[in-house]
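The values are calculated or read from the model by the stated rules, or taken from the named source; none is laboratory data. Remember, it's a predicted structure, so these values are computed and weren't measured experimentally. Methodologically, a virtual Cβ is constructed for each residue, glycine included, from the backbone with ideal geometry; neighbour enumeration extends over all protein chains shown. When the accessible area is computed, the model is the full protein with side chains, heavy atoms only, and any ligands, DNA or RNA have been set aside. Shrake-Rupley method; radii C 1.70, N 1.55, O 1.52, S 1.80 Å.
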Amino acid sequence: MRRSSFVILLGGLVLLSILGEPVEAVGQDQRGAQQQWDGANADPCFDAPSYVIYRAPSAVEADGRLDEIVWAAAPWTSDFVEMSGQGPSSPQFGTRAKMVWNDEALYVAARLEEPHVWATLTERDARIYLDNAFEVFIDPNGDTHHYYELEVNALGTLWDLMLVKPYRDGGPLLSAWDIRGLEVGVRVDGTLNDPTDTDEGWIVELALPWSVLAEAAPEARPPHAGEQWRLNFSRSHWSLAVVEDEYRKDPDTPADWSVWSPQGEIDIHKPECWGFVQFAETSVGDGTVAFVEDPNEQIKWALRTLYYRQRDFFEERGEYADDLDDLDAGDIAVEGGTVEPLLRTTQSTYEITSPGVNGATVHIRHDGKVWTTAE
């Protein structure tokens, strides 16, 4: 098999051509029916994975090779799972990622198993997920607002954007927003867009500069050691057919969506379900650092459950509940503690607060934003 490698600075991407009818099936989707999720069931979403990001001793070249010592020492994430976390089957092909950081950038690498590496989009800021794609989602302060999305296909074509809010809360997306100075390397283990052979897969390597990622971060700065961000990875994989010796996407089969942190349903834009990453001062390979759980995250999730119930209440009655009894708040609890929610409403908005841990107060409001304040 031939191996192709390239590095892209701020690449590009785009509109998918109309595909013909499938003739010879390749890599059929095996996920089955999409599983919807009841917001009151916390298990698939609240039990999010965590990952400690160790320091890289120097800059990492984004060339898609992953043969540097720093990458050999960095741990892999757990294997990606079907997006809802409760689907009938595992993803068709394995995907894992790893991360390191330094004073300049956050570095991300991913390995995607794929026997038929395929990509078509070449125009930047097209909908890259319409190809087989790798996606990164970053919420620096964990409030579910002002988060970043980056998508890349096996051609190295990019879509980078910012979401002011999740789509469910009104968006909008800012597609004109760019990660200036972004470096992307893609390496194909096999041959791109060649159905006559079987490939191993493809590798993505990213260098995301703090000069841009700090924009929505606490105090508009890069992270300090010990701080935690919310982050998730997603992969779109489409069924292909071979028509006249070329790959064609099957227009009648939905994509196979897999993620690092399951979402409870087929919707990646639920930042409260993303994983946690913790930045460590320790250099990669020089030892291990324990991930420290923030007990206020349990309070946040308790209030998030009330937020889901308020959404249901509003859909049924056209107004928000102004009494916690109407939201069955009495059955909301956290492990090893209590929740004491206080609800304040107006004609069109609400905010729920609760005492947190270590003198904090936890807040959530009608548009889903969640945050803590200190006494």
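Just a few scattered comments:
- Breaking point among (1) within 26 Å of Glu114 (Cβ to Cβ); (2) touching a residue at least 60 places away in the same chain (Cβ under 8 Å); (3) in a loop (DSSP other than H, G, I, E, B), for Val70: (3)
- Output for the range 74-100, where each listed residue is open to solvent by less than 10 Å² (accessible area, probe 1.4 Å) and in contact with a Gly (Cβ under 7 Å, 6 or more places away or on another chain): Ser84
- Per-region count, the range 240-266, residues under 30 Å from Phe46 (Cβ atoms) and either surrounded by fewer than 22 Cβ atoms within 10 Å (Cβ to Cβ) or touching a helix residue (DSSP H, G or I) at 6+ places or on another chain (Cβ under 8 Å) (or both): 8
- Of residues in the range 330-362 being of a type outside the set (Lys, Arg), in contact with an Asp or Glu (Cβ under 6 Å, 6 or more places away or on another chain) and at pLDDT 95 or above, the one surrounded by the most Cβ atoms within 10 Å (Cβ to Cβ): Ser354
- Condition check for Leu327: in contact with a His (Cβ under 9 Å, 6 or more places away or on another chain), crowded, with 20+ Cβ neighbours inside 10 Å and aliphatic (A, V, I, L, M): no
- Contact annotation: residue pairs with Cβ atoms under 8 Å, 6 or more positions apart or on different chains, pairing a residue in the range 299-314 that is closer than 14 Å to His363 by Cα with a partner that is in a helix (DSSP H, G or I) and acidic (Asp, Glu), are Lys300/Glu272; Trp301/Glu272; Arg304/Glu272.
- Test result for Gly368, on the phi > 0 side of the Ramachandran plot, among the small types (Gly, Ala, Ser), out of contact with any Gly (no Cβ under 9 Å at 6 or more places or on another chain) and surrounded by 14 or more Cβ atoms within 10 Å (Cβ to Cβ): yes
- Of the residues Tyr308, Tyr320, the single one that is over 25 Å from Pro49 (Cα atoms) and either of a type in the set (Ser, Thr, Tyr) or buried (at least 19 other Cβ atoms within 10 Å of the Cβ) (or both) is Tyr320.
- The set of residues in the range 179-190 that are assigned to a loop (DSSP other than H, G, I, E, B) and either open to solvent by less than 10 Å² (accessible area, probe 1.4 Å) or touching a Gly at 6+ places or on another chain (Cβ under 6 Å) (or both) comprises Ile179, Leu182, Gly190.
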